[in-house]
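Visitor: Take this structure first; my questions come after.
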Amino acid sequence: VCFMNTFFPEIKKNFGFGCMRFPLVDGEPDIRQINQMVDAFMEAGFNYFDTLKFYMNGRSEDIVKTCLTSRYPRESYVLTDKLSVHCFKTKEEVLPLFRQQLESCGVEYFDYYLLHAMNSERFEKAKKYGSFEFLKKMKAEGKIKHIGFSFHDNAEKLDQILTKHPEIELVQLQINYIDWESDNVQSRKCYEV
């Protein structure tokens, strides 16, 4: 579950439904319980959902389709997905992967689409594969409303990436209040950037 800032009016409340882990029954996703969780979340007035291709051993996007997008009108929820540099090896693989993510989630566009877990190493790969340009292109085509990245590195690297890419609209940070002053996680410093 992630905390969101309300700079974007389509996000109704400052709390998101993370789709990294779902309850299981005999090793399989418990669709009945996940439906109940999604319904309770929506009924409480929340609407932000966050998924990624390889969450739940590659099943998260399909679960999102089964439990959210096939059951609720598109304008009632905000959906974020991510592009991980671990999921492709060439520039040419990115568009088919993106199209497959749209299909798996059962949507025609993503409200937010993020480069996943940016740090020094992944940022270099994202540059090499033209990932930032890809996000801008998909946004121009209406397949993404807002572009950004999730981040797992220090505040200095965050500042460098944002300086090089002022088009970024959203950064999803790892905020651990217990690590607010940690030199390793740098929650406060990253938040301030």
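The values are calculated or read from the model by the stated rules, or taken from the named source; none is laboratory data. Keep in mind the model is a prediction, meaning the values are calculated, not measured. Here Cβ is always computed from backbone atoms with ideal geometry, including for glycine, and neighbour counts include all displayed protein chains. Protein only, heavy atoms only, side chains kept; ligands, DNA and RNA dropped before computing areas. Shrake-Rupley method; radii C 1.70, N 1.55, O 1.52, S 1.80 Å.
Visitor: On the given criteria, is residue 23 in contact with a helix residue (DSSP H, G or I) (Cβ under 8 Å, 6 or more places away or on another chain), more than 20 Å from residue 171 (Cβ to Cβ) and either touching a residue at least 40 places away in the same chain (Cβ under 8 Å) or not hydroxyl-bearing (Ser, Thr, Tyr) (or both)?
Guide: Yes.
Visitor: Only one of these is part of a helix (DSSP H, G or I), among the basic types (Lys, Arg) and surrounded by 12 or more Cβ atoms within 10 Å (Cβ to Cβ): 82, 12, 65, 53. Name it.
Guide: 65
Visitor: Which numbered condition trips up residue 174, out of (1) over 13 Å from the mean Cα position of the chain (by Cα); (2) surrounded by 12 or more Cβ atoms within 10 Å (Cβ to Cβ)?
Guide: (1)
Visitor: Check 189, 145, 157 and return the single one that is within 17 Å of the chain's Cα centre (by Cα), among the charged types (D, E, K, R) and surrounded by 15 or more Cβ atoms within 10 Å (Cβ to Cβ).
Guide: The conditions single out 145.
Visitor: Turning to a different aspect of this structure: Which one is surrounded by the most Cβ atoms within 10 Å (Cβ to Cβ), of the residues in the range 115-142 that are farther than 17 Å from residue 185 by Cβ and aliphatic (A, V, I, L, M)?
Guide: 135
Visitor: Next up: Restricting to the range 177-186, give me the number of residues that are farther than 16 Å from residue 157 by Cβ and either open to solvent by less than 60 Å² (accessible area, probe 1.4 Å) or not in a loop (DSSP other than H, G, I, E, B) (or both).
Guide: Number of matching residues: 3.
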